[in-house]
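Before any comments, here is the structure.
The values are calculated or read from the model by the stated rules, or taken from the named source; none is laboratory data. If you're wondering where the values come from, they're calculated on a predicted model, not measured in any experiment. Heads up, the Cβs are rebuilt from the backbone with ideal geometry, glycines too, and the neighbour counts pull from every protein chain shown. Remember, those area values only see protein heavy atoms, side chains included, never the ligands or the DNA or RNA. Shrake-Rupley method; radii C 1.70, N 1.55, O 1.52, S 1.80 Å.
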Amino acid sequence: VTSVIKDSRNLLWIGTFNGLYLYDEQLGKITHIKKTATGQGITDNQVRCLLEDREKNIWIGTANGLNRLSNAAQIIHFFQNEFERYGQLSDIYDITRLSNGAVIVATYGNGLFQLNEKENKVIPLHQPFLSHTWMLQEIDQKLYVTGHDKLITTPVSNYRFSETTFLR
(Lines give C-alpha, C1' and ligand atoms only; values in the text may rest on other atoms or scores of the structure.)
Protein backbone atom coordinates (compact mmCIF):
# COMPACT_ATOMS: atom_id res chain seq x y z
CA VAL A 1 0.00 0.00 0.00
CA THR A 2 1.44 3.33 -1.09
CA SER A 3 -1.36 5.78 -0.34
CA VAL A 4 -4.75 5.86 1.38
CA ILE A 5 -7.44 8.54 1.52
CA LYS A 6 -11.03 8.61 2.73
CA ASP A 7 -13.13 10.81 0.48
CA SER A 8 -16.08 13.07 1.28
CA ARG A 9 -18.49 10.17 0.57
CA ASN A 10 -16.68 7.99 3.16
CA LEU A 11 -15.19 5.75 0.47
CA LEU A 12 -11.68 4.45 1.07
CA TRP A 13 -9.22 4.78 -1.84
CA ILE A 14 -6.14 2.57 -1.56
CA GLY A 15 -3.16 3.01 -3.89
CA THR A 16 -0.85 0.03 -4.44
CA PHE A 17 1.76 -1.22 -6.92
CA ASN A 18 -1.08 -3.31 -8.37
CA GLY A 19 -3.47 -0.47 -9.15
CA LEU A 20 -6.11 1.36 -7.16
CA TYR A 21 -8.73 -0.18 -4.89
CA LEU A 22 -11.96 1.51 -3.89
CA TYR A 23 -13.54 0.16 -0.72
CA ASP A 24 -17.15 0.96 0.13
CA GLU A 25 -17.44 -0.09 3.77
CA GLN A 26 -21.23 0.32 3.87
CA LEU A 27 -21.76 -2.08 0.97
CA GLY A 28 -18.77 -4.27 1.78
CA LYS A 29 -17.69 -3.83 -1.86
CA ILE A 30 -14.16 -3.56 -3.28
CA THR A 31 -13.58 -2.23 -6.81
CA HIS A 32 -10.19 -2.65 -8.51
CA ILE A 33 -9.19 0.10 -10.95
CA LYS A 34 -6.09 -0.62 -13.02
CA LYS A 35 -4.33 -0.07 -16.32
CA THR A 36 -5.72 -2.26 -19.07
CA ALA A 37 -4.36 -3.36 -22.45
CA THR A 38 -7.11 -1.39 -24.20
CA GLY A 39 -6.11 1.91 -22.57
CA GLN A 40 -9.04 1.96 -20.17
CA GLY A 41 -8.46 2.57 -16.50
CA ILE A 42 -5.47 4.44 -15.11
CA THR A 43 -2.13 5.19 -16.81
CA ASP A 44 -0.05 2.83 -14.65
CA ASN A 45 -0.64 0.25 -11.93
CA GLN A 46 1.99 1.80 -9.65
CA VAL A 47 -0.21 4.24 -7.74
CA ARG A 48 1.95 6.53 -5.60
CA CYS A 49 -0.40 9.23 -4.27
CA LEU A 50 -4.06 10.26 -4.03
CA LEU A 51 -6.00 13.50 -3.47
CA GLU A 52 -9.66 14.49 -3.47
CA ASP A 53 -10.25 17.97 -4.89
CA ARG A 54 -12.96 20.51 -4.05
CA GLU A 55 -15.25 19.14 -6.78
CA LYS A 56 -14.90 15.66 -5.25
CA ASN A 57 -12.76 14.34 -8.13
CA ILE A 58 -10.02 11.89 -7.18
CA TRP A 59 -6.50 12.64 -8.43
CA ILE A 60 -4.31 9.55 -8.85
CA GLY A 61 -0.53 9.95 -9.17
CA THR A 62 1.18 7.01 -10.89
CA ALA A 63 4.56 5.99 -12.24
CA ASN A 64 3.31 7.16 -15.65
CA GLY A 65 1.44 10.41 -15.12
CA LEU A 66 -1.51 11.84 -13.27
CA ASN A 67 -5.13 10.73 -13.61
CA ARG A 68 -8.31 12.52 -12.56
CA LEU A 69 -11.36 10.39 -11.89
CA SER A 70 -14.34 12.64 -12.43
CA ASN A 71 -16.87 12.35 -9.63
CA ALA A 72 -19.79 13.41 -11.80
CA ALA A 73 -19.19 11.27 -14.89
CA GLN A 74 -16.87 8.53 -13.55
CA ILE A 75 -14.50 9.30 -16.45
CA ILE A 76 -10.74 9.19 -16.10
CA HIS A 77 -8.78 12.07 -17.63
CA PHE A 78 -5.05 11.53 -18.16
CA PHE A 79 -2.19 13.97 -17.68
CA GLN A 80 1.04 12.50 -19.02
CA ASN A 81 2.72 14.78 -21.55
CA GLU A 82 1.95 17.79 -19.37
CA PHE A 83 4.63 16.56 -16.96
CA GLU A 84 7.24 16.09 -19.68
CA ARG A 85 10.36 18.20 -19.50
CA TYR A 86 13.64 17.78 -21.30
CA GLY A 87 12.16 14.91 -23.31
CA GLN A 88 11.27 12.66 -20.39
CA LEU A 89 7.99 11.80 -18.70
CA SER A 90 7.67 11.89 -14.94
CA ASP A 91 6.70 9.58 -12.16
CA ILE A 92 4.23 11.38 -9.93
CA TYR A 93 5.43 10.94 -6.34
CA ASP A 94 3.19 13.22 -4.30
CA ILE A 95 0.27 15.60 -4.61
CA THR A 96 -1.02 18.01 -1.97
CA ARG A 97 -3.43 20.90 -1.54
CA LEU A 98 -1.94 23.89 0.24
CA SER A 99 -3.78 26.18 2.65
CA ASN A 100 -3.98 28.81 -0.12
CA GLY A 101 -5.93 26.33 -2.30
CA ALA A 102 -3.10 25.55 -4.73
CA VAL A 103 -2.55 21.92 -5.72
CA ILE A 104 1.14 21.03 -6.05
CA VAL A 105 2.53 17.89 -7.70
CA ALA A 106 5.99 16.41 -6.98
CA THR A 107 7.61 14.41 -9.77
CA TYR A 108 10.68 12.23 -10.03
CA GLY A 109 12.76 13.75 -12.79
CA ASN A 110 10.95 16.96 -13.67
CA GLY A 111 10.48 18.87 -10.44
CA LEU A 112 7.32 20.56 -9.20
CA PHE A 113 4.11 21.50 -10.94
CA GLN A 114 0.95 23.35 -9.97
CA LEU A 115 -2.47 22.19 -11.15
CA ASN A 116 -5.07 24.60 -12.43
CA GLU A 117 -8.08 22.42 -11.66
CA LYS A 118 -10.67 24.62 -13.36
CA GLU A 119 -8.83 24.72 -16.68
CA ASN A 120 -7.23 21.24 -16.40
CA LYS A 121 -3.78 22.73 -16.91
CA VAL A 122 -0.42 21.82 -15.45
CA ILE A 123 2.03 24.67 -14.78
CA PRO A 124 5.76 24.00 -14.10
CA LEU A 125 7.08 25.72 -10.96
CA HIS A 126 10.60 27.04 -11.28
CA GLN A 127 12.78 25.73 -8.49
CA PRO A 128 16.45 25.27 -9.42
CA PHE A 129 17.46 22.90 -6.64
CA LEU A 130 15.62 19.64 -7.27
CA SER A 131 14.42 17.74 -10.30
CA HIS A 132 13.73 14.57 -8.28
CA THR A 133 11.06 15.53 -5.77
CA TRP A 134 9.50 12.95 -3.50
CA MET A 135 7.41 14.36 -0.74
CA LEU A 136 5.41 17.53 -0.11
CA GLN A 137 4.30 18.86 3.26
CA GLU A 138 2.92 22.21 4.35
CA ILE A 139 3.87 23.34 7.85
CA ASP A 140 3.16 26.83 9.20
CA GLN A 141 2.48 28.40 5.78
CA LYS A 142 5.66 26.92 4.28
CA LEU A 143 5.87 24.21 1.66
CA TYR A 144 8.60 21.64 2.35
CA VAL A 145 9.81 19.55 -0.59
CA THR A 146 12.18 16.59 -0.22
CA GLY A 147 14.42 14.90 -2.74
CA HIS A 148 17.69 12.96 -2.61
CA ASP A 149 19.71 14.61 0.18
CA LYS A 150 18.00 18.00 0.01
CA LEU A 151 15.09 19.81 1.52
CA ILE A 152 13.76 22.92 -0.16
CA THR A 153 11.24 25.31 1.34
CA THR A 154 9.13 28.19 0.12
CA PRO A 155 6.49 30.39 1.63
CA VAL A 156 3.09 29.26 0.35
CA SER A 157 2.44 32.86 -0.70
CA ASN A 158 5.20 33.27 -3.33
CA TYR A 159 7.09 30.05 -4.24
CA ARG A 160 10.55 31.56 -3.66
CA PHE A 161 12.54 28.45 -2.90
CA SER A 162 15.53 28.11 -0.60
CA GLU A 163 17.72 25.04 -0.19
CA THR A 164 19.09 22.99 2.66
CA THR A 165 21.49 20.13 1.93
CA PHE A 166 21.75 17.26 4.36
CA LEU A 167 24.89 15.18 4.77
CA ARG A 168 24.55 11.52 4.00
- [ ] Can you send over the carbon and sulfur percentage of the accessible area for the chain, probe radius 1.4 Å, protein chains only?
- [x] 49 percent
TODO: Using the structure shown, select from 6/34; 29/118; 56/121; 6/118; 6/56 the pairs with a Cα to Cα distance greater than 21 angstrom.
DONE: 29/118; 6/118
Task: Accessible area, probe 1.4 Å, largest first, for residues 8, 90 - done: 8, 90
Open item on the list: Keeping every protein chain present and rolling a 1.4 Å probe, give me the accessible area per residue for segment 21-75 in Å².
Closed with: 54 Å²
TODO: Let me know the longest stretch in the chain that avoids all chymotrypsin sites (Phe, Trp or Tyr not before Pro) found in a DSSP loop with at most 15 other C-beta atoms within 10 Å.
DONE: 87-158
Task: Dipole moment magnitude, nearest 20 debye, the chain about Cα centre, only Lys, Arg, Asp, Glu C-beta charged - done: 60 debye
